[in-house]
Every structure is written in C-alpha cells, then in structure tokens.
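Enquirer: Quick one: the structure is below, and I'll ask about it shortly.
The values are calculated or read from the model by the stated rules, or taken from the named source; none is laboratory data. Since we're looking at a predicted model, the values are computed, not measured. Counting neighbours? That spans all protein chains shown, and the Cβs are built from the backbone with ideal geometry, glycine included. Only protein heavy atoms, including side chains, enter the accessible area calculation; ligands, DNA and RNA are left aside. Shrake-Rupley method; radii C 1.70, N 1.55, O 1.52, S 1.80 Å.
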Amino acid sequence: MRFFFRSKQFKVSVIVISVILVLALATRLIGGMISPQANLLGAIAAPFQRAATSISNFFKDFGTKLQGADELMLENASLQEEVNRLTSDLLGYQEALEQNEFFKEYLEIKESNQDFQFEPAMLISRDSEDPFGSFLINKGSRNGVAAYDPVITSEGLVGYITEVGLTYSKVTTILSPELSAGGFDRRTQDAGVVSGTLELAKEKKTRLYNLARTCSVSVGDYVVTSGGGVFPEGLLIGTVETIEQEAYNSSLFATIAPAADLNDLRDVMVITYFSGQGTADTSGE
C-alpha cells in the first residue's frame, strides 16, 4: 500500500482532485454573489461540485474501510493468539495422554518386580554406521543412568547401556555380539547364551546358542533372561524362529525374533536398579 501512495498515478490523482475541489469551492463562493437568473457559472460548475462531493464521500468511505480493516486485523490477531493457545493446550494434553499410556505399559512389569527402579528415556539418534542398531538416548549420569543398565520397552528387552555421558547414553542392542546374556526357554527351561551375529543382525534377529542336543526347544517358544548379571531374570527377549546345529560342535542354537520392535523405537525404559544387579559379561562366546 505504501508504494501506491508514492506512485506517479497517485500524485496525478491528487492534483486532479485538488483542482476539482478548488473549482467547486470557487463556484460556490461566486455563485452566492450572482443572482439565480444569471447564475450561468453555477450551471457550468455543477458537475464539478457533484464530482467534489463524490470524491469527498469516496475518501470518507475509504477512511471508514481502513478503520474497519485495522479493527479486523486486531481481531484476527487476537483470534490467532487464542488458536495458538488452544493448540498448545491440546498438544500438552496429548503429550500427557501418551506419557500416561507409556507408564501404564510398564505397570505390570513394575508390579511383578517391586525392586525395579525405572528411568524413562527417548531415542535421540541412531548410529547409521553400526549394523547392530546402537542408538543414543536423552538420559545420562545426571539422571542416575549407569553403564550396563538394561534397556527395555513394554514388549521386551532392547539392550543395555555401554557409554554414559552427563545428559545422554549409548545403548547397544541385543543384535550385537558385544552383548552376552544368559537366557532360557520359558516353556522347557532349556538354557543357553543370548548374543548376536553380523549375519543375523541384517535380518534384525539374534540367537540363543549353547543349547544341548537333547533340548526340547521348539519354534514359537518364548526366550527370557535367566538373571544373575547385567539383566534381571524374566525379561522377554523374543520368540524362537528356527533351531539349527552349530557348525563346529554338536550343540544347537535357536534363532530369535526380538519381542521389542527395534526398527520403530522412540521411547524406552532404563532399569537403573534391580535386586542382584551385577556387571556385564561381554565375553561373547
């Protein structure tokens, strides 16, 4: 709008309007001094007077519209502020619902393990160079998180803490050969060791190895942690998909599909304490 007032067209319009207004005013003054019978000048000036009146009315209406536009802009700004506030309230409400649902999912685990102490965390970045899917979370030593703390979702075991900063930590997943944990078939009680391999990690799988040839492990069985170290007893690891013989000895191993969805992680829970918590066995084989 400010560019219009500076334009040549606007300046010419102002000059023309000014001339018309001057002529209208002069005509009115002169017309008052000449008799109606001889008021030829009044007849000539009449169109100019009508034009001046129209122009005056136009600017009056224009000013009214401008004032109305200003009021409308203020009203719109006020409404936008209200929309922003309501949107913020809605997002806060949605976040509260999600948090409540998040903690509700762990309630059963907590009720079954009164000694567990939890620290909720959120995934903030993945290591794209790590074939075993390690990632960083937004909690660290300032939040009571320490190396070898187990990391879970409500579905099952994810991995454990391997590096700790003040406000972040690195999680190594159950797909990694760095992780080594005792595990057993919950149905048959057949025990072995849970650890990953590069080949299985490509399929987002891990394995339970060192199973005796006489074991009764079957496809579809649930595998859980056996406890006595970095992991408490009874954390769900996954389900048996295949059972195969080791290439270099007579033992068997079971391929495990993790219960936790490692591809779609967002929120996790760190177990910062449990009864009998020890140190990690990272010996692999």
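Enquirer: Report, by residue number, each residue of segment 131-154 that is of a type in the set (D, E, K, R) and more than 21 Å from the chain's Cα centre (by Cα).
Expert: The answer is Arg142, Asp149.
Enquirer: Another one. When Leu252 is evaluated against the numbered criteria (1) touching a helix residue (DSSP H, G or I) at 6+ places or on another chain (Cβ under 9 Å); (2) on the phi < 0 side of the Ramachandran plot, which criterion, by number, is the only one it fails?
Expert: Here Leu252 clears every test but (1).
Enquirer: Please list, ordered by first then second residue, the pairs with beta carbon atoms under 8 Å, 6 or more apart or interchain, first in segment 260-284 and modelled with pLDDT under 90, second surrounded by 13 or more Cβ atoms within 10 Å (Cβ to Cβ) and of a type in the set (D, E, K, R).
Expert: Sorted first by the residue in segment 260-284, then by its partner, the pairs are Thr282/Glu178; Gly284/Glu178.
Enquirer: Hey, another quick one. Just give me the residues in segment 120-153 being within 22 Å of Val224 (Cα to Cα) and buried (at least 19 other Cβ atoms within 10 Å of the Cβ), in sequence order.
Expert: Phe132, Gly133, Ser134, Asp149, Pro150, Val151, Ile152, Thr153, listed by residue number.
Enquirer: Give all pairs with beta carbons closer than 8 Å in which a residue from segment 237-254 that is part of a strand (DSSP E or B) meets a residue that is of a type in the set (Lys, Arg) and surrounded by 14 or more Cβ atoms within 10 Å (Cβ to Cβ); count only pairs at least 6 apart in sequence or on separate chains.
Expert: What qualifies is Glu241/Lys205; Phe253/Arg207; Ala254/Arg207.
Enquirer: Right, here's the next one. Is it true that some residue in segment 101-117 is modelled with pLDDT of 95 or more, in a strand (DSSP E or B) and within 12 Å of Met269 (Cα to Cα)?
Expert: For segment 101-117, residues modelled with pLDDT of 95 or more, in a strand (DSSP E or B) and within 12 Å of Met269 (Cα to Cα): absent.
Enquirer: Just one of Gly234, Gly183, Gly228 is among the small types (Gly, Ala, Ser) and surrounded by 21 or more Cβ atoms within 10 Å (Cβ to Cβ); which is it?
Expert: Result of the check over Gly234, Gly183, Gly228: Gly183.
Enquirer: A further question on this structure: Test of understanding: among Thr153, Thr172, which residue is at pLDDT 95 or above and β-branched (Val, Ile, Thr)?
Expert: None of the other options fit; the residue is Thr172.
Enquirer: Here's a check for you: in segment 202-228, which residue that is in a loop (DSSP other than H, G, I, E, B) and at positive phi is nearest to the chain's Cα centre (by Cα)?
Expert: This residue is Lys204.
Enquirer: When you scan segment 199-225, how many residues do you find that are within 28 Å of Asp130 (Cα to Cα) and either open to solvent by 20 Å² or more (accessible area, probe 1.4 Å) or touching a Cys at 6+ places or on another chain (Cβ under 7 Å) (or both)?
Expert: 9
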